[in-house]
1. Kindly report the accessible area of the chain per residue (heavy atoms of protein chains, probe 1.4 Å, no ligands, DNA or RNA), in Å².
2. Among Met6, Trp56, His84, pick out the residue whose Cα is farthest towards the positive end of the charge dipole of the chain, where Lys and Arg carry +1 and Asp and Glu carry -1 on C-beta, about the Cα centre.
3. Work out the length of the dipole vector of the chain about its Cα centre, built from +1 on the beta-carbon of each Lys and Arg and -1 on the beta-carbon of each Asp and Glu, and round it to the nearest 20 debye.
4. Could you tell me how far the Cα centroid of segment 27-64 sits from the Cα centroid of segment 74-110, in Å?
5. Can you run phi through the Karplus equation (6.51, -1.76, 1.60; θ = phi - 60°) for segment 50-64 and list ³J(HN,Hα) in whole Hz, with x for Gly and Pro?
6. Around Tyr90, which amide H atoms from residues at least 5 apart in sequence, or from another chain, sit under 5 Å from its own amide H, with H modelled in the peptide plane?
7. May I ask you to evaluate 6.51 cos²θ - 1.76 cosθ + 1.60, the Karplus curve with θ = phi - 60°, for each residue of segment 35-43 and list the ³J(HN,Hα) values in order in whole Hz, giving x for glycine and proline?
8. Please provide three numbers in whole Å: the alpha-carbon extents of segment 44-103 along the principal axes, with the largest listed first.
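The values are calculated or read from the model by the stated rules, or taken from the named source; none is laboratory data. Keep in mind the model is a prediction, meaning the values are calculated, not measured. Here the Cβ positions follow ideal geometry from the backbone for every residue, glycine too, while neighbour counts run over all protein chains shown. The accessibility values were calculated without ligands, DNA or RNA, using every heavy atom of the protein model including side chains. Shrake-Rupley method; radii C 1.70, N 1.55, O 1.52, S 1.80 Å.
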Amino acid sequence: MAEGMMKHFYGQRAYVQSAGVRNDMEVDGFSIAVCQEIGVEISRHRARSFEEMIDWGDDLGQFDLIVALSPASQRMALELTRYHHIEVEYWPILDPTGLGESREARLAAYRQARDQIRGRMIQRFGPPQTDAARDGAEG
């Protein structure tokens, strides 16, 4: 959700790459649904691990900031970047997986996580860009 929202809200203002501790999960349908509610398309997104990023040629030293959404990803980011000057921020976001017994309860948990991420983004990076600014047009 975070990568999709960052790209949607801030366009090409920053290079964004999502990674996690593991890559064993497809983007889940609840994440896709709650992002679609705010106009963010993530259905083609694929979860990658930090190791995959490195294997595929992403040099972590080229990043200015890593935002960790779980304690495990924060520990991994700090370990992998200990020789680089990269800021690592931890945003304590609710993990909605497995929460709620009904479809509506699960969607509510995912909406809460989505809204927490959006709030932290706005707090950190400012208001989202307008469509014209995001697309590179004058406006």
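1. Values: 8570 Å² over 139 residues.
Spelled out: the 1.4 Å probe surface of the chain, per residue, equals 62 Å².
2. Met6
3. Numbers: 16 positive and 22 negative charges, 64 e Å.
So the dipole magnitude of the chain works out to roughly 300 debye.
4. Answer, in whole Å: 13.
5. Values, residue by residue: 4, 4, 4, 4, 5, 4, 8, x, 6, 8, 4, x, 7, 8, 9 Hz.
6. The list, which skips near neighbours in sequence, is Ala68.
7. 6, 4, 4, 10, x, 10, 9, 10, 5
8. 45, 25, 15
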